Structure formats: C-alpha cells, structure tokens
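The values are calculated or read from the model by the stated rules, or taken from the named source; none is laboratory data. Since we're looking at a predicted model, the values are computed, not measured. Heads up, the Cβs are rebuilt from the backbone with ideal geometry, glycines too, and the neighbour counts pull from every protein chain shown. Accessible surface areas use protein heavy atoms only, side chains included; no ligands, DNA or RNA. Shrake-Rupley method; radii C 1.70, N 1.55, O 1.52, S 1.80 Å.
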Amino acid sequence: MQPTPYIDIHTHRRSNDPYVIDAYAVGSDGSLPAGPYSAGIHPWEVQRITPDNTSRYRQDLLDALTPRCIAVGEIGLDYAVTGDSVLRTAQRHWFEQQMELAADRSLPVIIHCVRAYNDLIPILRHYPHVTPVIHGFTGSPELAERLLQAGGYLSFGHRTAASPKTRQALAAVPVDRVFFETDESPLPIAATYATAAAITGKTVAEWKETVYDNYRRLFKTP
Ligand SMILES: [Zn+2]
C-alpha cells in the first residue's frame, strides 16, 4: 500500500506534486501550474482592474479553468489593504462574481479574508452549494465556529503555533473540517502537521489520514 501523502491545500511555490494545490493568481502569475491548482482574482489584484482591462481579467480567469483547476481561489476580501469604500465595494463585486463562477462550475473556493469576516460570511451564506476553505485561518474558536456554520473548512498554516487563540480554534474544530497549507512559508508541510499534532494530541499519522479523506471528499482531483 502507498503511504498516505501529506496534503498541502495552498502554496505559492510551484510544486508539480499531485497532493499540493498551487495557487494561480490571475493577472499576476505567468503560466498555469503543471499539477492541480486553484485559480482566481486575489482581492489585492482588484485595485489594478480598470474599465479598460476588465474584459481581459474575465477572459484570463475563464481560460485558467482547465481540468487541473480544482478550486476557484484564492478569492475573498482584504480590508487591511484599503480603507477606500469604492475599492472595498469592488472587492465584494469580484468576490461575488467568482462565487457565482464556482457555483456554475461546481468547484469549491479557497478564501483569503483579512478584517472582513462580517462582510464575507453573509456572502458565503448566499452560496450554500459552494464550499469555502478559509486559507491561512487565524482567529478565535468563536470566529472558527461562525465559519463552520457557514459551511466552511479551515486551513491552518505556519502562523498557527504563534497565536494562542488560533491554537484553541484548531483544538476545537471538528477534524473533518481541517486542512493544512504552506502558503508563502519556506517550512515544509510536514512541519505544520507536526505542530497540529502537538496542539491537538493526535498523531501526525492520524492527521494525514483525516486530511487525506477531507481532500478526497471535497476536491475532484484530475
Ligand atoms: Zn496565498
């Protein structure tokens, strides 16, 4: 029997590994990843969209939805990058458009959210058939519970260990709603599994089985 692989739900380092989802940023990344990936217009990218280039963004997004694209993302809201209400409205517009697209294509979404959960959660609830994975989750058990209630999975990364409330959240979340990721971290994915094992009292082997099952359940891998 093959050993159960580590699943990495989100990275910006091209991996070409069938168990790693590369994040392809429409508008700022060059060629499509060779392995499974997510594709979407990041909330940071929204400020570069103008009336002149809107149709190109739309087309690039559609072109990125090849069979290797197993999720729409990362998409979402980031209110830390702008206090400007016009730009925040534009972020919500593009987020909703991409939720719509995910619903059309029956794909889950990988969510980036910073200081915007009060606006994000009602939008998630508006799309009950689109499963969101909150990437790089940090926050309290209460916030985690609100996201679970909205149908979300939570993905924990290298910032988990340093945040006491995030450690509490990880310990409290049902294991069938958990993923792990490397994102921008130079540390290997195994390090995040080891951290999670230490926090939760489960073994790395148990986490590998659980997250593999979650991966197989949620993503239609090519
Ligand atoms: Zn990312």
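Things to note:
- Positions within region 74-99 being surrounded by fewer than 16 Cβ atoms within 10 Å (Cβ to Cβ), acidic (D, E) and closer than 19 Å to L124 by Cβ, in sequence order: E96
- Within region 19-38, considering residues that are aliphatic (A, V, I, L, M) and in a loop (DSSP other than H, G, I, E, B), the one nearest to P3 (Cα to Cα): A34
- Scanning region 1-18 for residues that are in a loop (DSSP other than H, G, I, E, B) and touching a residue at least 24 places away in the same chain (Cβ under 8 Å) turns up T4, P5, Y6, I7, H12, R13, P18.
- Single residue of Q97, Q91 found to be more than 21 Å from F137 (Cβ to Cβ) and either among the basic types (K, R) or part of a helix (DSSP H, G or I) (or both): Q97
- When E45, E142 are checked against the criterion of being touching a Gly at 6+ places or on another chain (Cβ under 8 Å) and surrounded by fewer than 21 Cβ atoms within 10 Å (Cβ to Cβ), a single residue qualifies: E45.
- Residues in region 154-183 that are open to solvent by 20 Å² or more (accessible area, probe 1.4 Å), modelled with pLDDT of 95 or more and either within 16 Å of the ligand (Cβ to nearest atom) or in a helix (DSSP H, G or I) (or both): P164, K165, R167, Q168, A171, A172, V175, D176, R177.
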